[in-house]
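The values are calculated or read from the model by the stated rules, or taken from the named source; none is laboratory data. Keep in mind the model is a prediction, meaning the values are calculated, not measured. Glycine also receives a Cβ, built like all others from the backbone with ideal geometry; neighbour counts cover every protein chain displayed.
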């Protein structure tokens, strides 16, 4: 984990814990995890490899039909995320991806200055979310009554799958973390190639208000230079695309904007040079007090 990023996160925690992006990300993740969990758990569509109690629209259905419906649902999810990314680049990566949230939760315990209680709470949060990931996968393939009505061997197998999946998720978040997004995520890298952010994203709107603190560079989870996103960058290793603009790799997570708003407000009381939103030509840029809403308590 990048120690410079962790120091910025520590500053956020101590001096500016509340921000509108926290709420927006919570909404995005609630939608993502809600779909992954509620669709199968409600019986809207679920395969059952345990007893064959496949469900479509809350009714028993044959395997082939149920499989087709499940594939159709995931195709619709893919289409929706593709349309989002067509407009906003890898915005889903920054605001709705469960793996990205896992990275955030597993890096939280590593931020310096935590009390013993804070450390335990953050570790528990990471573990609970990591447990949700294998649970959301198994929910599409099993009737969860197996945990109560299954044989001892069946219950043991499900428990082993859950806890091994949780362990793998925590290990991934701890040791691979954002490098996965930068170099290996096939979905994210595919979006980087076919749907770069043309209309929405991070822009260096007001260079004259920049104080050259480089905080935005330090906090970027995928090691980009937020003020230079239109410029091509060399190969980042793994499956990344060499010489593509930095904007193609940007997760649109807003961490750099949050850092920029905070430090500029503290140092000069001015408006942050970085902005997350629809791209606007210089003639349409309007100075506003939007960033004054960012505060440590209000």
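Answer with yes or no whether residue 40 is outside any helix (DSSP H, G or I) and either surrounded by 14 or more Cβ atoms within 10 Å (Cβ to Cβ) or in the same structural domain as residue 112 (by TED's automatic domain parsing) (or both).
no
From 276, 251, grab the single residue that is under 19 Å from the mean Cα position of the chain (by Cα), closer than 25 Å to residue 102 by Cα, modelled with pLDDT of 85 or more and not in a loop (DSSP other than H, G, I, E, B). So the residue among 276, 251 that is under 19 Å from the mean Cα position of the chain (by Cα), closer than 25 Å to residue 102 by Cα, modelled with pLDDT of 85 or more and not in a loop (DSSP other than H, G, I, E, B) is 276. Within region 93-112, does at least one residue satisfy the condition of being at pLDDT 95 or above, surrounded by 12 or more Cβ atoms within 10 Å (Cβ to Cβ), under 27 Å from residue 27 (Cα atoms) and touching a strand residue (DSSP E or B) at 6+ places or on another chain (Cβ under 9 Å)? No, every residue in region 93-112 fails to be at pLDDT 95 or above, surrounded by 12 or more Cβ atoms within 10 Å (Cβ to Cβ), under 27 Å from residue 27 (Cα atoms) and touching a strand residue (DSSP E or B) at 6+ places or on another chain (Cβ under 9 Å).
Does region 60-80 hold any residues that are at pLDDT 95 or above and either in contact with a helix residue (DSSP H, G or I) (Cβ under 7 Å, 6 or more places away or on another chain) or not in a helix (DSSP H, G or I) (or both), and which are they? Scanning region 60-80 gives 60, 61, 62, 73. From the list 90, 145, the lone residue that is surrounded by 15 or more Cβ atoms within 10 Å (Cβ to Cβ), modelled with pLDDT under 95 and either out of contact with any strand residue (DSSP E or B) (no Cβ under 6 Å at 6 or more places or on another chain) or within 18 Å of residue 36 (Cα to Cα) (or both) is 90.
If I go through region 113-147 residue by residue, how many of them are touching a residue at least 24 places away in the same chain (Cβ under 8 Å) and either in a loop (DSSP other than H, G, I, E, B) or touching a helix residue (DSSP H, G or I) at 6+ places or on another chain (Cβ under 7 Å) (or both)?
The qualifying residues number 19.
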